[in-house]
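Let me begin by presenting the structure, written as structure tokens, before commenting on it.
The values are calculated or read from the model by the stated rules, or taken from the named source; none is laboratory data. Source: prediction; values computed, not measured. Quick reminder, even Gly has a Cβ in these numbers, built from the backbone with ideal geometry, and neighbours come from all protein chains shown. Accessible surface is based on the protein model in full, side chains and every heavy atom, while ligands, DNA and RNA are left aside. Shrake-Rupley method; radii C 1.70, N 1.55, O 1.52, S 1.80 Å.
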Amino acid sequence: MSRVQAMERYPLFFGGEFHETPQRSTIFLPFDGSPVAQIFAGDAATMDHAIACAVEGAKLMAALTNAERSEMLFRLHALMTAETEDFAQVITNETGKPIKESRGEAERTLQTLLSSAIEARNLHGEVVPMEAAPSARGKMAMTVREPLGVIGAITPFNVPLNTAMHKIGPALAGGNAVVHKPSEETPLSALRLAQTMVRAGLPKGAYNVVCGDGPKLGQQLVADPRVAMITFTGSVPVGKAIRAAAGLKRVTLELGGNCAVIIEPDADIDLAVARCVVGSFSHSGQLCISVQRIYAHAAIAHAFIDKFTAATLKLRGGHPYDELSDYSSLITEKAAMRVDSWIEEAIAQGARRLTGGPRKGATIPPTILENVPLTSKLACQEVFGPVVAVNRYTDLQEAIRLTNDTPFGLQAGIFTRDMMRAFDAAHKLKVGGVMINEVPTFRADHMPYGGVKESGQGREGPRYAIEEMTELKLICWKTGLI
């Protein structure tokens, strides 16, 4: 097993420089509690200074041409490509996810960055057909997109590098500056990214990272009038608080999920099993688009459950730096204890455990529960752990109703060979994205991504995020014609 041996020090980063503070803390590998890095924490004065640096950085970013911003992001992409393994180890150190999953996240981050670099060059407006109105005869108009200024990015622990890049890449591509407040549990990716930003030659103040007390620093970032937009990924309660406090700021919220998969009687069972194993248990279920509910048609439920159980039992748990580990720990033992309590609650209410076993520290083996009551937390809330509920249905409309019977609406999946039924479901499912013959956990990083209901508002994906992070301006002029 390869791993970072010595504890590294990660200073804060703002104004193009690294800063150490009197407040410091240690980041531990969640799997076994071994120390991996020392970080420094900022306070209200630190955040104020970082925002001031971002205000100046935003001026420098706005002065760049589309081509210059694109070239800057391509330089960053080239440097990060050469450092992919280092980024993967940083991700594993702070999240505890298996190294092969961290490598996957690092590779996806490169795709997000590449898409941002391409979209920076394609940023454009359009000609407005003014003479469609009789009063506008002799006038022409066009739209242009201009940067908002300072973007506040608040990111969670589960996918610390790629989630951050989905905010940082589009913000920079659109000519903005960023103040990034990463999760207190996983700040290393952001601070490591800052090191590469310096080598890529970003303007001073374009990217700034402040770590510390999450609620206090987050509230300060939201409240500061110099911050034009907040882009947040995290819990529903925090998202609602941000929305309430943001006033007229632009806000994008990517919140929770309780994603479901419908498996029709004509589905390719082997495909559905293979994808549901990945969708349910990758990242130890700590994804907002993890498969948490599976509705299998009664005609094929027995066959599906048998194969799904057998495939899940083949997954191997272990140390995150073991190349053979398919799963490892959750982010904390406290999180694992909560997930374990939800499992026990569902079993007490009548669910049957098909896989899984005793919790060991922060690690919970992949768990399948059958016949989970609709009133249990597992059926209607977000578990954020390696647990999936499998229930039977007899009518597609019933399965659609059950899928929609949740406060969330992020993504959903359906497996069927009948495209008419698939598209009927796609129209009726109240979610931001429907995956046909795929699990809701699927995400290509350039696609529009986001939810409805309590799953959030706005869309990510570089092209779509840039639209959120820029202002549309109309320019109209008289041509001189009568």
Worksheet item: Looking at Asp424, Asp405, which one is farther than 24 Å from Ala171 by Cβ, surrounded by fewer than 20 Cβ atoms within 10 Å (Cβ to Cβ), acidic (Asp, Glu) and under 24 Å from the mean Cα position of the chain (by Cα)?
Response: Asp405
Discussion item. Against the definition (of a type outside the set (D, E, K, R), part of a strand (DSSP E or B), open to solvent by less than 10 Å² (accessible area, probe 1.4 Å) and at pLDDT 95 or above), how does Ile343 come out, yes or no?
Written reply: no
Discussion item. Being open to solvent by 40 Å² or more (accessible area, probe 1.4 Å) and either among the polar types (S, T, N, Q) or within 19 Å of the chain's Cα centre (by Cα) (or both) is true for just one of Asn158, Asn176, Asn122, Asn162. Which residue is that?
Written reply: Asn122
Worksheet item: Among (1) closer than 16 Å to Cys276 by Cβ; (2) touching an Asp or Glu at 6+ places or on another chain (Cβ under 9 Å); (3) buried (at least 20 other Cβ atoms within 10 Å of the Cβ), where does Leu354 come up short?
Response: (3)
Discussion item. Going through Glu131, Glu94 one at a time, which residue ends up being in contact (Cβ under 8 Å) with a residue 12 or more places away in the chain and either in contact with a Leu (Cβ under 9 Å, 6 or more places away or on another chain) or open to solvent by 10 Å² or more (accessible area, probe 1.4 Å) (or both)?
Written reply: Glu94
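Assess whether Ala106 counts as being more than 27 Å from Cys476 (Cα to Cα), outside any strand (DSSP E or B), open to solvent by less than 10 Å² (accessible area, probe 1.4 Å) and not acidic (Asp, Glu). Walk me through how you get there before you give the answer.
Working: more than 27 Å from Cys476 (Cα to Cα): yes; outside any strand (DSSP E or B): yes; open to solvent by less than 10 Å² (accessible area, probe 1.4 Å): yes; not acidic (Asp, Glu): yes.
Against the criterion (more than 27 Å from Cys476 (Cα to Cα), outside any strand (DSSP E or B), open to solvent by less than 10 Å² (accessible area, probe 1.4 Å) and not acidic (Asp, Glu)), Ala106 qualifies.
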Worksheet item: Name the residues in the stretch 276-300 that are out of contact with any strand residue (DSSP E or B) (no Cβ under 8 Å at 6 or more places or on another chain) and either charged (D, E, K, R) or in a loop (DSSP other than H, G, I, E, B) (or both), would you?
Response: Gln286, Leu287, Ala299
Worksheet item: Considering the stretch 318-340 alone, what residues qualify as being of a type in the set (D, E, K, R) and in a loop (DSSP other than H, G, I, E, B)?
Response: Asp322, Glu323, Asp326
Worksheet item: Of the residues in the stretch 362-375, how many are within 22 Å of His283 (Cα to Cα), free of Cβ contacts under 8 Å to residues at least 40 places away in the same chain and open to solvent by 10 Å² or more (accessible area, probe 1.4 Å)?
Response: 0
Worksheet entry | Counted residues, the stretch 460-482 - those being under 25 Å from Leu114 (Cα atoms), out of contact with any Ser or Thr (no Cβ under 7 Å at 6 or more places or on another chain) and open to solvent by 70 Å² or more (accessible area, probe 1.4 Å) | 3
Worksheet, complete the sentence: Looking across the stretch 382-402 at residues that are touching a residue at least 40 places away in the same chain (Cβ under 8 Å) and out of contact with any helix residue (DSSP H, G or I) (no Cβ under 7 Å at 6 or more places or on another chain), the single one that is most open to solvent (accessible area, probe 1.4 Å) is Thr394
Worksheet entry | Enumeration of residues in the stretch 365-376 that are in a loop (DSSP other than H, G, I, E, B), out of contact with any Gly (no Cβ under 6 Å at 6 or more places or on another chain) and under 28 Å from Leu29 (Cβ atoms) | Pro366
Discussion item. Going residue by residue through the stretch 227-234, is there one that turns out to be under 27 Å from Arg24 (Cβ atoms), touching a residue at least 24 places away in the same chain (Cβ under 8 Å) and open to solvent by 70 Å² or more (accessible area, probe 1.4 Å)?
Written reply: no
Discussion item. Can you report the number of residues in the stretch 37-76 which are open to solvent by 20 Å² or more (accessible area, probe 1.4 Å) and in a strand (DSSP E or B)?
Written reply: 1
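Of all residues in the stretch 77-91 being open to solvent by 10 Å² or more (accessible area, probe 1.4 Å) and touching a residue at least 24 places away in the same chain (Cβ under 8 Å), which is nearest to Thr26 (Cα to Cα)?
Gln89
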Discussion item. Tally up the residues in the stretch 59-97 that are out of contact with any Pro (no Cβ under 7 Å at 6 or more places or on another chain), of a type in the set (Gly, Ala, Ser) and more than 21 Å from Pro156 (Cβ to Cβ), please.
Written reply: 5
Response to the item:
Exactly one of Ile118, Ile91 is outside any loop (DSSP other than H, G, I, E, B) and over 19 Å from Glu68 (Cα atoms), and that residue is Ile91
Worksheet item: Would you pick out the residues in the stretch 301-317 that are without any contact (Cβ under 8 Å) to a residue 12 or more places away in the chain and in a helix (DSSP H, G or I)?
Response: His302, Asp306, Ala310
